[in-house]
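Take a look at the structure below.
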Amino acid sequence: MTGPVIFDPHSLPADDNVNKYTFCVELKSSQWFLQKGKMIAYYGRIEFNGIGHGRLDRLLRTSFHSPLHASDWVVADGSGKMLLADRAFDVNSYDLEDGNLTIRAGNLLAYQPTLALKQSIVPGFLTLIGTGKFVAASNGPVVFMEPPIRVDPQALVGWADCPSPCHHYDHGYMTGVLGGIRSLTGLGGTSGEEHQFEFVGAGTVLLQSTEALMAEQTTGQVPAEPGVPGGGAPAGAGGAAGSVPRLPGQLGDLQRRFGL
Amino acid sequence: MPFREINSKMVEATVAPGQKMFSQRGAMLAYKGEVSFTPNMQGGQGGLMSMIGRRVANEATPLMTVEGSGTVMFGHGGHHIQVINLAGDTLYVEADRLLAFDGTLQQGTMFMGSQGGVMGMVRGQVTGQGLFTTTLKGHGAVAVMAHGGVIELPITPQRPVHVDPQAYVAHHGDVRNKLSTALGWRDMVGRGSGEAFQLELSGNGAVYVQASEEKL
């Protein structure tokens, strides 16, 4: 049995995991972006400045493109070692080389300013583009899968290099007479698996091993322009979320036909 | 063996045409291929009578049938998953803990009182199993959920195993269990050790214990 490991500024790993739940970032008069409140300790001389601080304007121009959720992010600037963690979730770092990766906004903890952070056109997701390292948290270890795959919306952490997902609906058992009775009476219930995100093409899909979501982070509003998905609408009001969509001609629609 | 452990909280199952599989509703994380998920009104196998039996026994957990061809990833609520392979013997497990199991396994409901009469019923109350528990019998694999990691303790006739009722997950094999009490005057005056009830398992088989005293 080994006792607890004691770290000092020299033995702490540089830009690596200390354990499954903690990540150590080394700053050498460089900068990192991190989500507010994810720093748990640091050695050295590090300044944390909210975005909007005058000196950072140049940096923001190149690597932060989500003006309306700037209040959730800070820039760590200085020299030293900084520990990041998030509610005992598994923390992992990922290297991007001239690539792109889209991740659920709540899962992203920190990133190097050599990467550019942009809002994905999928609401609630952020895209990182460029070369550099970023740190993300997940509930349980992250599993990498290759498309084609269909993923439970809650288990999706993000995706890299592949086209954005589309919705897939599968409730064949809701059609026909028996299915109509089922949806009218609620007898038998639903399987809870009618709706998935479908990925096709080449790339990698990141899954977390449970359906327990991390706290949702707003990705910021997008301008209300024609042709911008989710534009102007408050986050979460994207259509008939929650209600099971209906197939045309299904018996359950009798209610509507009779004007009930 | 249809289950492959991807990590401690996720298993991958292969479904082939003609092979059914049952899983807890909403526990699918992702799948490849053409797989359909149908809610199962009966809550498992058998006909109407088994369904009524399960409803009465309060062992009717919402299950769905998984059919098609492809691979499916299962996981639920961040719980740890233990895959148990059955080779003809019977697994006793609480229905809420079932994540997924082979359609070839025979599902049944057992009355706790049939193992040790009144004491069996008391045991059910203490372990949180209630008066009934679910049995799975046959050849196949079962994925069982637990809070915290799971360890398997073998039971041999010479060495009975004592388990904290709250940490008990499941057992299989030819096992007799009884509730042993170590109640003393200290418990009466509120100075007990907190370990007054223990589950004593003896016989031939194995018991699964979770590293937590939290129920699912």
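The values are calculated or read from the model by the stated rules, or taken from the named source; none is laboratory data. For clarity, every value in this text was computed on a predicted model and none was experimentally measured. Note that we place each Cβ from the backbone using ideal geometry, even for glycine, and neighbour counts take in every protein chain shown.
Mind listing whichever residues of the stretch B:67-80 are assigned to a strand (DSSP E or B) and surrounded by fewer than 24 Cβ atoms within 10 Å (Cβ to Cβ)? Correct list: B:Glu67, B:Gly68, B:Ser69, B:Gly70, B:Thr71, B:His80. Inside the stretch A:140-150, residues that are within 14 Å of B:His76 (Cα to Cα) and part of a strand (DSSP E or B) make up a count of 0.
Restricting the stretch B:11-20 to residues that are farther than 12 Å from B:Phe74 by Cα and in contact (Cβ under 8 Å) with a residue 40 or more places away in the chain, the residue that is surrounded by the most Cβ atoms within 10 Å (Cβ to Cβ) is B:Val15. Residues in the stretch A:9-29 that are free of Cβ contacts under 8 Å to residues at least 12 places away in the same chain and more than 16 Å from A:Ala137 (Cβ to Cβ) were compared, and the one that is surrounded by the fewest Cβ atoms within 10 Å (Cβ to Cβ) is A:His10.
Per the listing A:Leu59, A:Leu34, the residue uniquely surrounded by 13 or more Cβ atoms within 10 Å (Cβ to Cβ), at pLDDT below 85 and not in a loop (DSSP other than H, G, I, E, B) is A:Leu59.
Within the stretch A:109-141, being buried (at least 20 other Cβ atoms within 10 Å of the Cβ), of a type in the set (S, T, N, Q) and under 20 Å from A:Asp98 (Cβ atoms) holds for A:Gln112, A:Ser120, A:Thr127. Of all residues in the stretch A:73-132, those satisfying the criterion of being among the small types (Gly, Ala, Ser) and either outside the structural domain of A:Glu47 (by TED's automatic domain parsing) or more than 11 Å from the chain's Cα centre (by Cα) (or both) are A:Ala76, A:Gly78, A:Ser79, A:Gly80, A:Ala85, A:Ala88, A:Ser93, A:Gly99, A:Ala110, A:Ala116, A:Gly130, A:Gly132. Considering only residues in the stretch B:200-216 that are modelled with pLDDT of 80 or more and not small (Gly, Ala, Ser), the one that is surrounded by the most Cβ atoms within 10 Å (Cβ to Cβ) turns out to be B:Gln210.
Of all the listed residues (A:Ile6, A:Ile40, A:Ile51), the sole one being touching a helix residue (DSSP H, G or I) at 6+ places or on another chain (Cβ under 6 Å) and among the β-branched types (Val, Ile, Thr) is A:Ile51.
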